[in-house]
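What follows is a single structure, written as C-alpha cells, with notes after it.
The values are calculated or read from the model by the stated rules, or taken from the named source; none is laboratory data. Remember, predicted model here, so these are calculated numbers, not experimental data. All Cβ positions, glycine included, derive from the backbone under ideal geometry; neighbour counts span all protein chains shown.
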Amino acid sequence: MKQRENVLVERKPTFDDDSKTSKNERNAFDKKKHRLKKYSNRYKVDQWQERRKRAVLRGYYKEIPKDRCARQKGTETKVETRSGNDTSGPKKSPSFFDVARKEYERKKEETLRVKAEREEALRKYKEKKMQAYKKLSKRTKKGQPVMKDRIELLLQKIQQDKAN
C-alpha cells in the first residue's frame, strides 16, 4: 500500500514547455453531455431551430442587395416615365409574387407541352408497331408467313435508311 501511495505522490502533474496546463487537466470526455446531445429530442429540435434561423437570416441578407437594386431601378423608371410624354400613371414594377407566379405558369405550360409531345410520339410509335405486327402476323392456310408483307416492310426500312 505504501508503495502505491508513493507512486501516486510521485506522479505530480507535469507541465509541457509550451502549454501552461497539465496533462491531467485536459478536456475530459463528458459521457452525460454526449448522451444528452445524441439522444435528446429537445437538443435535436433546438439544433434544427438554430439552423433554420440561420438559413432565414442568410436568405434575408441575400435579399437586401436585390431590394436595393430594385428600388434604384424603380426610381430610374419613374423618372424616365415622368420625363416622357406618357399620359398613363406610373408603372408598377411587378412584385416578387407576380414574377414567381408567371415563372410557375411558364414552367407548368412547358411541362404540359413536353408531356403532350411525349404522348403523341408514344402513340405514333405504338401505332407503327401495331401495323408492323399485323403485317408480320399474317399466315397462309398452311401456317406459313405471307412473304409479300414482310418484303414490303423491308423495302420501307431500306428507303427510310437511304433518306436519312
Query raised in the report: Can residue 102 be described as assigned to a helix (DSSP H, G or I) and modelled with pLDDT of 95 or more?
Result: no
Requested in this report: State which residue pairs qualify: first residue within 18 Å of residue 155 (Cα to Cα) and inside segment 121-140, second residue part of a helix (DSSP H, G or I) and among the hydrophobic types (A, V, I, L, M, F, W, C) in any location, beta carbons under 9 Å apart, and separation of 6 or more residues or different chains.
Outcome: 132/153; 135/153; 136/153
